[in-house]
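The values are calculated or read from the model by the stated rules, or taken from the named source; none is laboratory data. All values reported here derive from a predicted model rather than from experimental measurement. Quick reminder, even Gly has a Cβ in these numbers, built from the backbone with ideal geometry, and neighbours come from all protein chains shown. The protein model used for the area step is the full one, side chains on, heavy atoms only, and it has no ligands, DNA or RNA in it. Shrake-Rupley method; radii C 1.70, N 1.55, O 1.52, S 1.80 Å.
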Amino acid sequence: MTRPATRSLRVLELHELPDGRAQSRMVEQHAVGVVRLDGRLIAFDPLCPHKFSDLCEGLLENGAVVCPTHLWAFDLRTGACRNVPGARITLYPAREEDGWVVVDVPLPS
Ligand code: FES
C-alpha cells in the first residue's frame, strides 16, 4: 500500500501554541488544526465533518476536541468520533522544526 503524497507546511510558531488550547490556521489553502496533548503535537483537519464548524473553537476534553456547535467529540489519538459512530476527522503527521510546528498535509489527488 502506498502512502499518499504529502507536503510539509509551517503552520505556526511554537510560541503561538498555548497549553490546553487548539489553534487553527489556513496555510496555502490548507486548513490545519494543531494542539499539544500530553507533550505531543497533534495536527488534524479542523473542519467538523458534520457542518464544518472550526473544531479549534471547541473545548479539549479527555483527549478529545469537542465541536462547539453540536458537541461531537473527536478522539485526538485516533480521529474517531466518540458519540457518532463512523464519523471521524483526519489526523496529520506533525513535528517541531526550528521553532515551528510543521505538518505534513496530503496533496490533492
Ligand atoms: S458542526 Fe460540529 S457537531 Fe455539528
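Report, ordered by the first and then the second residue, all pairs with beta carbons closer than 7 Å, sequence separation of six or more or different chains, a first member in segment 70-92 that is open to solvent by less than 40 Å² (accessible area, probe 1.4 Å), and a second member that is at pLDDT below 95.
76/37
From 77, 3, which residue is within 14 Å of the chain's Cα centre (by Cα) and among the basic types (Lys, Arg)?
77
Looking at (1) open to solvent by 20 Å² or more (accessible area, probe 1.4 Å); (2) touching a strand residue (DSSP E or B) at 6+ places or on another chain (Cβ under 9 Å); (3) of a type outside the set (A, V, I, L, M, F, W, C); (4) modelled with pLDDT of 95 or more, which is the only condition residue 63 fails?
Checking residue 63 against (1) open to solvent by 20 Å² or more (accessible area, probe 1.4 Å); (2) touching a strand residue (DSSP E or B) at 6+ places or on another chain (Cβ under 9 Å); (3) of a type outside the set (A, V, I, L, M, F, W, C); (4) modelled with pLDDT of 95 or more, the one that fails is (1).
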